[in-house]
Amino acid sequence: MSYNGRVKYKHKRGKYEVGSQPGTINIPEDALKPRIHVYSFNEHELLSSKGSDMETITRQIDKCKEHTHWIKINGLGDAALIEDIGTFLGINRLVLEDIVNTHQRAKFDEYDGYVFGTSRILYFNDEQELVNCQFSSIVKDNIIISFEQDYSDYFEAVKTRLKAGKGVIRTAGAGYIFYALTDTILDNYFVLLAQIGDRVDTTEDRLYKSADKSIMFDAQQLKRTLIIIRRACWPERDKINDMIRSENPEISKEIKIYLRDAYDHCIQAMDMVESYKEVTSSIIDLYLSMVSNRMNEIMKVLTIISVIFIPLTFIAGVYGMNFSRQDAKGRLIPDNMPELYAHHGYVYTLLGMFVLAVIQLVVFWKKGWFNKL
């Protein structure tokens, strides 16, 4: 599989105002309008509702006070909604600023009464663009609010588990949902890495079959993609490690057991990234070596041809000087190319040149020069 042109990286960034007050909520102009899905669940039932305003959230929470609530928000294009959520849950404005400024690296922050975490969501869309967007979540008591930049249904597996009601996902609280969402992001890293691994193998096979310069370009694109994944995956490891070491009651001991498994997955993903990076670097180096070797082979052929024709050219040059054997009075000029008037001299000269070329070819062949071409 070969890329057609340069791989595109779709990364929406927030709106920045240099020198603005900390905690300022700046919504970018191209931000999508929020779509809110509220899932309220306990051991026996799962209720859901949709909307686009704060009333959707408060109405569902008031109706299901004994349930755990997952408030899933897709789109960050409503500053009033973000501020209302902050007021409703008592969230620090610096956290709200981090939610809308979508350049954050993966991290885990603890505050009085709640925790806040961010991650990077990566996947190839239908146009084969590498989408790099931010995922943020807040856990407080029996409520988890997650924020995503676009409308993609990235956590369908978690919703499926909630609907099935099997395992501990309905009974372990909002902190477990926080883990489940983080683990889903990690699992999708493996899906992305599997796609990249297939492309690395295909590029390597093309290198062995028929090397051309597009292979080097494709390998460089893969390497750049892997660097972006590494930038997302490396801080994710630190985030999960901070969650494991946290004493916050939102992250219970039971959840930490699952987080250790997620930590192992993160290390495994990082190892795969590093391995693929080494392979792509090797592909580039091998291609350059093959080009260099091919150039050396071409230069060797040209050198052999030049060595054969240098003495022939010398002979032709000597006999091309056309000195006369007699002066103007008809007297013989001493030491002056007697072969010029030899019978059949032209034939003998050509024959001598041919024999000399054959001798050189035999010598080169015995030295094994032709076997290495």
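The values are calculated or read from the model by the stated rules, or taken from the named source; none is laboratory data. From a predicted model like this one, the values you see are computed outputs, not experimental measurements. We place every Cβ from the backbone using ideal geometry, glycine too, and count neighbours over all the protein chains shown. For accessibility, only protein heavy atoms count, side chains too; no ligands or nucleic acids. Shrake-Rupley method; radii C 1.70, N 1.55, O 1.52, S 1.80 Å.
Under 1.5 on a/c is rounded, so check that first for the range 125-174, then, if it is not, pick prolate when a/b is larger than b/c and oblate when it is not; a ≥ b ≥ c are the square roots of the alpha carbon gyration tensor eigenvalues. The shape class here is oblate. Each part reduced to its alpha carbon centroid, the range 255-273 and the range 175-211 end up 15 Å apart.
Kirkwood radius, the chain, all distinct C-alpha pairs, inverse of mean reciprocal distance: 26.3 Å.
Annotation for the range 42-73: trypsin sites (Lys or Arg not before Pro) lying in DSSP loop with at most 14 further Cβ atoms inside 10 Å of their Cβ are LYS65.
Mean-square fluctuations from a GNM of the chain, with a 10 angstrom spring cutoff on Cα atoms, peak among ILE315, ILE284, ILE304 at ILE315. Amide H contacts of SER48: SER40, each under 5 Å away and 5 or more positions distant or on a separate chain (H built 1.01 Å from N in the peptide plane; Pro and chain starts excluded). Computed over the chain with a Gaussian network model linking Cα atoms closer than 10 Å, the most mobile of GLU127, GLU247, GLU204 is GLU127. Computed over the chain with a Gaussian network model linking Cα atoms closer than 10 Å, the most mobile of ILE82, ILE145, ILE310 is ILE310.
Reported to two decimal places, what Rg/Rh ratio describes the range 267-373 when computed on Cα atoms with Rh from the Kirkwood expression? Reported Rg/Rh (Cα atoms, Kirkwood Rh): 1.44. Placing +1 on the Cβ of every Lys and Arg and -1 on the Cβ of every Asp and Glu, with no other charges, gives the chain a dipole of roughly 1700 debye about its Cα centre. Taking amide H as placed 1.01 Å from N in the peptide plane, ASP53 has no amide H partner under 5 Å among residues 5 or more places away or on another chain. Considering helices alone, the calculated mean residue ellipticity of the chain at 222 nm is -18500 deg cm²/dmol, with DSSP H runs of length four and up weighted by -39500 (n - 2.57) and normalised per residue. Surface composition of the range 223-344: carbon and sulfur atoms hold 58% of the protein heavy-atom accessible area at a 1.4 Å probe. Given LYS166/LYS256; LYS72/LYS159; LYS33/LYS63; LYS63/LYS253, which pairs have Cα atoms separated by over 18 Å? Checking Cα-Cα distances, LYS166/LYS256; LYS33/LYS63; LYS63/LYS253 exceed 18 Å.
Per residue, the solvent-accessible area of the range 72-202 (1.4 Å probe, heavy atoms of protein chains only, all protein chains present) comes to 34 Å².
Over the alpha-carbon set of the range 25-90, divide Rg by the Kirkwood Rh and report the Rg/Rh ratio to two decimals. Result for the range 25-90 is an Rg/Rh of 1.02.
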